[in-house]
């Protein structure tokens, strides 16, 4: 007796759930990363930026923390999913290819690259049906945009 039938994963209702599952999972992980920096103190993170010689360390630290923490919350809820995923793509591109430049790939760049690819996938896939975006911004499919009916 099989507990989980493989054909259940190809049913239309579960296929529609995958974007939501991925979006919520990635958002929750990113909230954790942003929360660590937010509640651990912005000073330590800004000091790392100062040590690299980058300008405006507190502004950059705030933007990175805000993007991770607030962006993660927006991903979990499914509000402004594509703009948030794009901001995550930019952030994780910087983390992967600028911040971690010169470090061994599997030591520092791997996690950022994974989040970059997942953010790009969420950007392309969209929020899914179980999201605030779907209920606020999706048009019904049975009406034309300028229809009087």
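For residues that are within 14 Å of residue 25 (Cβ to Cβ) and in a loop (DSSP other than H, G, I, E, B), scanning just region 105-130, find the one that is modelled with the highest pLDDT.
Of everything passing the filter in region 105-130, 127 is modelled with the highest pLDDT.
Looking at this structure, is residue 64 farther than 26 Å from residue 118 by Cβ and surrounded by 18 or more Cβ atoms within 10 Å (Cβ to Cβ)?
Here the answer is no, as residue 64 does not meet what is asked.
Which one of these is at pLDDT 95 or above, under 18 Å from residue 131 (Cα atoms) and surrounded by fewer than 19 Cβ atoms within 10 Å (Cβ to Cβ): 17, 85, 70?
70
Looking for whichever is more than 13 Å from the chain's Cα centre (by Cα) and not in a loop (DSSP other than H, G, I, E, B) here; the options are 86, 69, 62, 93. Which one fits? Step through it out loud before you land on a result.
Details: 86 fails: more than 13 Å from the chain's Cα centre (by Cα); 69 fails: more than 13 Å from the chain's Cα centre (by Cα); 93 fails: more than 13 Å from the chain's Cα centre (by Cα).
Selected residue: 62, the only one of 86, 69, 62, 93 that is more than 13 Å from the chain's Cα centre (by Cα) and not in a loop (DSSP other than H, G, I, E, B).
Might you check whether a residue that is in a loop (DSSP other than H, G, I, E, B), in contact with a helix residue (DSSP H, G or I) (Cβ under 9 Å, 6 or more places away or on another chain) and either at positive phi or touching a residue at least 12 places away in the same chain (Cβ under 8 Å) (or both) occurs anywhere in region 32-43?
no
Taking the condition of being within 28 Å of residue 124 (Cα to Cα), without any contact (Cβ under 8 Å) to a residue 12 or more places away in the chain and touching a helix residue (DSSP H, G or I) at 6+ places or on another chain (Cβ under 6 Å), how many residues in region 44-87 meet it?
0
The values are calculated or read from the model by the stated rules, or taken from the named source; none is laboratory data. If you're wondering where the values come from, they're calculated on a predicted model, not measured in any experiment. Virtual Cβ from ideal backbone geometry, glycine too; neighbours counted across all protein chains shown.
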